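The values are calculated or read from the model by the stated rules, or taken from the named source; none is laboratory data. Note that the structure is predicted; figures quoted are calculated from it, not measured. Virtual Cβ from ideal backbone geometry, glycine too; neighbours counted across all protein chains shown.
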Amino acid sequence: MSDRPKRRMRIGVVLMLVGLAFFLRPRFDFLDSEYVLLLLGVVFLGSYLWQRRYRLMVPAGVLMGLGVGRLFDENLASFAEGSQLGLGLGFLAIYLVPLVYQRKSHWWPLIPGGVLIASAFEDTEKLARVLFDHWPLALVAVGAVLIVAGWLDRERSVPG
């Protein structure tokens, strides 16, 4: 199958998912806007992983970041702006996922990601407190990256 029919089919699948999400949203409480954003982000992430096209990772990171940020908006209200923090993490994902998956990435998402994350906190004292209290999560994140990288190396080294 040539590229054009594949592209049409992919666009059709995305449009169907978006239409279903908007149709079902008023009927189910769990289909709030944050879940729709997450779903769309996951669709773009899956497309990126399937096609290995960097341009698909950008909407994946932004949509998933906004969805996660909106999910945690109420929980983080005491010390940070959840949507802004989530969007910043989404930009960091735009950098990290291709780096782990394809061993190469572009550096530009680090700038808006870092600015959004740093400015999401009301003051630097609260940011320092959060970093101090949650530094073990950085170890978990680095461990997850190493596991995924090892898994991808193993998959590439297996003849088949």
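Would you confirm, using the coordinates I've provided, whether R70 is of a type in the set (D, E, K, R), modelled with pLDDT of 85 or more, part of a helix (DSSP H, G or I) and within 14 Å of the chain's Cα centre (by Cα)?
no
Quick one: would you say V42 is farther than 26 Å from R129 by Cα and modelled with pLDDT of 85 or more?
Answer is yes for this residue.
Would you please list the contacts, defined by Cβ atoms under 6 Å and residues six or more apart or on different chains, that run from a residue in segment 139-150 that is in contact (Cβ under 8 Å) with a residue 12 or more places away in the chain and under 17 Å from P98 (Cβ atoms) to a residue that is in a helix (DSSP H, G or I) and among the hydrophobic types (A, V, I, L, M, F, W, C)?
What qualifies is V145/V100; V148/V100; A149/V100.
Only one of V100, V140, V115, V130 is modelled with pLDDT of 85 or more and either of a type outside the set (S, T, Y) or part of a helix (DSSP H, G or I) (or both). Can you tell me which?
V115
Please enumerate the residues belonging to segment 99-121 that are touching a helix residue (DSSP H, G or I) at 6+ places or on another chain (Cβ under 6 Å) and not β-branched (V, I, T).
S105, P109, L110, P112, G113, L116, A120, F121
Mind counting the residues in segment 103-112 that are part of a helix (DSSP H, G or I) and either surrounded by 19 or more Cβ atoms within 10 Å (Cβ to Cβ) or aliphatic (A, V, I, L, M) (or both)?
2
Taking D133 as meeting all but one of (1) within 26 Å of L66 (Cβ to Cβ); (2) surrounded by 10 or more Cβ atoms within 10 Å (Cβ to Cβ); (3) out of contact with any helix residue (DSSP H, G or I) (no Cβ under 8 Å at 6 or more places or on another chain), write down the number of the exception.
Looking at each condition in turn, D133 falls short on (2).
Here is a check on your reading of the model: is F79 in contact with a Leu (Cβ under 6 Å, 6 or more places away or on another chain), hydrophobic (A, V, I, L, M, F, W, C), farther than 27 Å from R8 by Cα and modelled with pLDDT under 80?
So F79 does not fit the description; no.
Assuming Y48 fulfils every condition listed in (1) part of a helix (DSSP H, G or I); (2) at pLDDT below 80; (3) more than 14 Å from G90 (Cα to Cα) apart from one, which condition is it?
(2)
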